[in-house]
1. How much FRET efficiency would the formula 1/(1 + (r/R0)^6) give for ARG68 and GLN271, where r is the Cβ-Cβ distance and R0 is 56 Å, rounded to 0.05?
2. Using alpha carbons only, what's the Rg to Rh ratio of the chain with Rh from Kirkwood?
3. Which three extents, in whole angstrom, do the alpha-carbon atoms of the stretch 151-201 cover along their principal axes, largest first?
4. Could you give the dipole magnitude of the stretch 83-220 about its Cα centre, charging the beta-carbon of Lys and Arg +1 and that of Asp and Glu -1, in debye to the nearest 20?
5. Can you check what the Kirkwood hydrodynamic radius comes to for the stretch 37-159, Cα pairs only, in Å to one decimal?
6. As a quick test, which of the pairs LYS185/LYS218; LYS167/LYS317; LYS167/LYS287; LYS133/LYS171 have an alpha carbon distance above 23 angstrom in this structure?
7. Taking 0.36 nm per residue of separation and subtracting the Cα-Cα distance, what length does fully extending ALA201 through GLN315 add?
8. I need the peptides 258-266, 285-293 ranked by packing, meaning the mean over residues of other C-beta atoms within 10 angstrom, with the highest value on top.
Amino acid sequence: MKILEHTSLLPYNTFGIDVPAQVLVEYASVDELRQVLTRYAGQPLLPIGQGSNLLFTRPYDGVVLLSRMCRAKALKETETEVYIQAESGLKLDDLIAQLVDMQLTGLENLSYIPGTVGASAVQNVGAYGVEAKDVIVEVEALEIATLRTRVFSNKECRFAYRDSIFKNELKGQYIITSVTYRLQKNGPLSLGYGGLKQVQATTAAQVREAVIAIRRDKLPEVGQLGSAGSFFKNPVIPTDHYQQLAATYPDMPHYEVEGGVKIPAAWLIEQTGLKGHQLGGAQIYPKQPLVIVNANHATSQDIIALAQLVVDSVQTKFGIRISPEVNYI
Ligand code: EPU
């Protein structure tokens, strides 16, 4: 276990925001996590994974938790499938690289997404037509109040678009320790989405390569340019609202989904003319306006102000209220 007091969070968030934490603890086993929770009982806790989906807005007056539990093992194997249990602190992309080497399919579309295995379940990470929930079998978590482990079935996790029970009813009550995924042995590939449609791939490794190339082309490289990936979620609007807008904007991209019509927030933002717009050190990423980048020593106040400008501009032009995917801490 490693404990740091009054330490900068700069190395621990992909946005590159420099605020201090009162305490930061790295733990390497469930037992160590129990010890940490006992020692800091009653204090605010913040598991941050790779820090790739959050924005620190002020010094963190509590205990930042970093899982350094990074193993993965096969739990069970059938003729067509392998169940892999991965620990929370393993980087999702490192796991996917291993799976692809083992010719196991299911997660390759999520290649190159920054974030940990634990976060894949909290956030139901998704890209290119696949969401983590499609392959998650169960999630093991430690209850903070009782220090007991509990196993959540896929259904109990109540996964939805970038959402799960861990962000809602059970927010702040459990810390995920491992996730079990069901992978197929050389199973079918998902190539139906956008940029992947043109790709000629027959193996998970080829899909992974294609996804990495697309992401590198469109999204800022972690470690080179600060960001938290998509800053906003794609909004779902009622069908009648979509029809009204379509009369004015016949080319508006849209996808029919449960509960209405999903509109790419990137398109909405582009129409407001804010692509590339800079406010202080924060900028709307010119190659993908869904992303806000730390272009030049941005403060969290710059980023918040720019995000608010985007929300207000989209609201004024389209009557659609987009909301951040990024967590403000
Ligand atoms: N678009 C524009 N202008 C642009 C870029 C995109 O109008 O400059 C429009 C286009 O119509 C395009 C559409 O937006 O067809 C969708 O763009 P893209 O396929 O890049 O996906 P996205 O909706 O912008 C979502 C996820 C990404 C994920 C990609 C690929 C959300 C909030 N974002 O982005 O996830 O990688 O699809 O599946 O759902 C993340 O969550 O951090 C993330 C990067």
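Read-outs: derived from the displayed coordinates by stated rules, not from any lab. From a predicted model like this one, the values you see are computed outputs, not experimental measurements. Don't worry about glycine lacking a Cβ; one is built from the backbone with ideal geometry, like all the others, and counts go over all protein chains shown.
1. Details: r = 44 Å, r/R0 = 0.78.
Taking R0 as 56 Å, the efficiency between ARG68 and GLN271 is 0.80.
2. A ratio of 0.97.
3. Its Cα atoms span 44, 25, 17 Å along the three principal axes.
4. 260 debye
5. With all distinct Cα pairs of the stretch 37-159 included, I get 15.8 Å.
6. LYS185/LYS218; LYS167/LYS317; LYS167/LYS287
7. 37.0 nm
8. 285-293, 258-266
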